[in-house]
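Written below as structure tokens is the structure these notes are about.
Any read-out appearing in this document is the output of simple, stated calculations on the displayed coordinates, not a laboratory observation. Note that this is a predicted model, so its numbers are computed, not measured. Virtual Cβ from ideal backbone geometry, glycine too; neighbours counted across all protein chains shown.
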Amino acid sequence: MRPSGRKLNELRSITIETDVTRHAEGSCMIRMGDTHVLCTASLEERVPPFLKNTGLGWVTAEYGMLPRATHTRMRREAKNGQSGRTQEIQRLIGRSLRACVDRVALGERQISIDCDVIQADGGTRCAAITGGWVALRLACDKLMKARDVLSDPLTDHIAAVSCGIYAGQPVLDLDYPEDSEAGVDGNFVITGTGRLVEVQMSAEGATFSRDQMGTLLDLADAGVTELVAAQRAALA
């Protein structure tokens with residue numbers, strides 16, 4: 001039995017609310033159970049120096065957690081410097097979103113995705129990727145509406161979900177009580193057409209077999225299908 005009472009293959013409730021901030025070119029609030037992440041997309045008519053005069057665009061990401069997003073207050077990273085965890089997560093978000101971007105079609109401009117965790121209950125990086133794509137989609141829609149690009153810079157959906165082995169059972173979409181005690185923990189980034197972008201898996205307390213990994217991948221594939229449907233519904 002899962003602590004939440006969910007079935008082994010059941011996602012937490014998910015809502016994606018778009019256009020939640022006034023100034024960003026794209027924004028959404030994604031809620032996966034008690035994990036809530038604000039995602040914004042900011043468009044700049046410039047690229048990093050290493051891409052100047054290449055004709056290629058760039059998508060990058062930043063990630064952070066508010067001090068009381070967790071059970072006890074964290075010190076602000078702006079004051080103490082970014083942790084290795086934060087740097088790793090925001091690089092993951094950027095890599096994941098770039099996997100669906102036609103950088104030639106985007107042109108020599110940059111879109112920065114900011115993912116701020118308002119409340120954390122496990123799976124924050126996965127929620128940030130899933131919501132970050134929605135914010136990116138909205139920003140690209142504005143580019144197309146203004147005819148600043150000739151074709152759609154986005155080639156597919158991107159979404160992410162966690163899976164793991166909890167109490168000996170493969171489960172989809174771990175919340176914090178499961179994540180903190182899982183024997184195996186994995187994050188799966190998958191496109192809307194079912195292509196793998198990135199898989200992060202580790203044995204936290206017990207090793208796992210190839211068959212178990214296949215089972216977790218099947219769970220993740222089904223979960224991402226539901227998340228892509230939620231993205232489509234939010235944008236409809």
Inset, instruction - Please give the peptides 45-55, 151-161 ranked by average Cβ packing (other Cβ atoms within 10 Å per residue), highest first, as a rough proxy for protection. - result: 151-161, 45-55
Inset, instruction - Kindly write out, for region 84-91 in residue order, the coupling ³J(HN,Hα) from the Karplus curve 6.51 cos²θ - 1.76 cosθ + 1.60 (θ = phi - 60°), rounded to whole Hz, with x marking Gly and Pro. - result: x, 4, 4, 4, 5, 5, 6, 5
Legend entry - Net lengthening on full extension, Phe50/Arg95 (0.36 nm per residue, minus Cα-Cα): 14.5 nm
Legend entry - Additional length obtainable on full extension of the chain from Ser83 to Ala167, 0.36 nm per residue less Cα span: 27.2 nm
Inset, instruction - Report the label-to-label distance for Met144 and Thr21 in nanometres (one decimal), using points 7 Å from each Cα along the Cα→Cβ vector. - result: 2.3 nm
Inset, instruction - Calculate the dipole size of the chain relative to its Cα centre from +1 charges on Lys and Arg beta carbons and -1 charges on Asp and Glu beta carbons; express the result in debye to the nearest 20. - result: 580 debye
